[in-house]
Amino acid sequence: MDRLGAMRVFVTVATLRSFSEAARRLQLSPSVVTRSVAQLEDELGLTLLLRTTRSLRLTERGELYLESCQQILQDIDSAERRVRGEDAAPRGMLKIAAPTMFGRLHVLPIVNRLLRDHGDVTVELALSDRNVHLVEEGIDVAVRIGELADSSLIAVKLGVVSWVVVASPAYLKKRGVPKSPAELTAHDIVAFEGLGATNEWRFRGGGKPVRLAPRLIVNSIDAAIAAAEAGIGMTRSLSYQVERSVTAGRLTPVLQQFAPAPSPLHAIYSPRRIASANVAVFIRAARDYFKEHPLVPVEEWRRTKS
């Protein structure tokens, strides 16, 4: 029997005076809640709760046990907060790394909020499209897009992003909308020559990638988007990079039915930073930010009214 888990169930039942309400609160089935309390009573050899069809109340021994359980659980929760650094006051330098454009659009607002709320914290925000080595480069926490290769790091998922092919409405009117990835070879392509970039674009279905001969190659995603908006050709980017252009009507997504599976977005940090108050406060701020500003799928974007 999971003694701590059973204690939490018992405390919830005793506090709410209801097995069914406790089940809803704990998101467990009523049978699991009932069985957990019964096993706890069997283990102790005591009756903790007196049940009738209309009421539920604690026995004298149950009152004593409830008080002890509450103290034990509070001590455990407090210990977990301390080891995560949640009870310490954040102060000093926090070094954060993030992809260039994503950092500017989404991480900087998180940092701004953190600095406003915590006057003793100083932040160094490094924006780069290469994957930094956290320990070697002294990075406290990094925001990373894609599957994680290093399983030794602690990862907190913040959302997902996806690849999207876009072109301006004027370009699509002139050259037509491609119906399949293979038709991209007949179009002008604007390629972003960033870290890990390739002229072979992969699509859903596991087929062969489409090899393209770009008409324009740039080393800045901002420049690639600007060229696409100007009608020079089609480009491929991550969803967050073109969301504003799409919702403003300057770009139009195409071939969405062939889009690859979304890539996860994580905040990652070394286990040695688990007790860092600065890291803990950044993670909380990031979670709050993405609750307010979720990274929604392309299909859920809404065009801005002009």
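A few points about this structure:
- Scanning the stretch 152-183 for residues that are among the acidic types (Asp, Glu) and in contact with a helix residue (DSSP H, G or I) (Cβ under 7 Å, 6 or more places away or on another chain) yields no hits at all.
- When residues in the stretch 2-41 are screened for being under 16 Å from CYS69 (Cα atoms) and loosely packed, with under 13 Cβ neighbours inside 10 Å, 3 of them pass.
- Residue match in the stretch 19-27 (condition: modelled with pLDDT under 90, over 22 Å from the mean Cα position of the chain (by Cα), within 30 Å of LEU295 (Cα to Cα) and not in a helix (DSSP H, G or I)): yes
- Residue in the stretch 235-253 that is among the aromatic types (Phe, Trp, Tyr), over 27 Å from ILE154 (Cβ atoms) and not assigned by TED's automatic domain parsing to the domain that holds VAL123 present: no
- From the list LEU158, LEU172, LEU153, the one residue that fits, being over 28 Å from ARG113 (Cβ atoms) and surrounded by 14 or more Cβ atoms within 10 Å (Cβ to Cβ), is LEU172.
- Breaking point among (1) at pLDDT 90 or above; (2) surrounded by 17 or more Cβ atoms within 10 Å (Cβ to Cβ); (3) touching a Gly at 6+ places or on another chain (Cβ under 6 Å), for ALA286: (3)
- Some residue of the stretch 242-249 being among the small types (Gly, Ala, Ser), under 24 Å from the mean Cα position of the chain (by Cα) and at positive phi: no
Okay, residues lined up against (1) aromatic (Phe, Trp, Tyr); (2) in contact with a helix residue (DSSP H, G or I) (Cβ under 6 Å, 6 or more places away or on another chain); (3) surrounded by 16 or more Cβ atoms within 10 Å (Cβ to Cβ):
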| position | (1), (2), (3) |
| --- | --- |
| ILE217 | no, no, no |
| ASP222 | no, no, no |
| ALA227 | no, no, yes |
| ILE232 | no, no, yes |
| SER239 | no, yes, yes |
| VAL254 | no, no, yes |
| ALA259 | no, no, yes |
| GLU292 | no, no, no |
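- Flag if ALA149 is over 22 Å from ALA259 (Cβ atoms) and under 13 Å from the mean Cα position of the chain (by Cα): no
The values are calculated or read from the model by the stated rules, or taken from the named source; none is laboratory data. Remember, predicted model here, so these are calculated numbers, not experimental data. Virtual Cβ from ideal backbone geometry, glycine too; neighbours counted across all protein chains shown.
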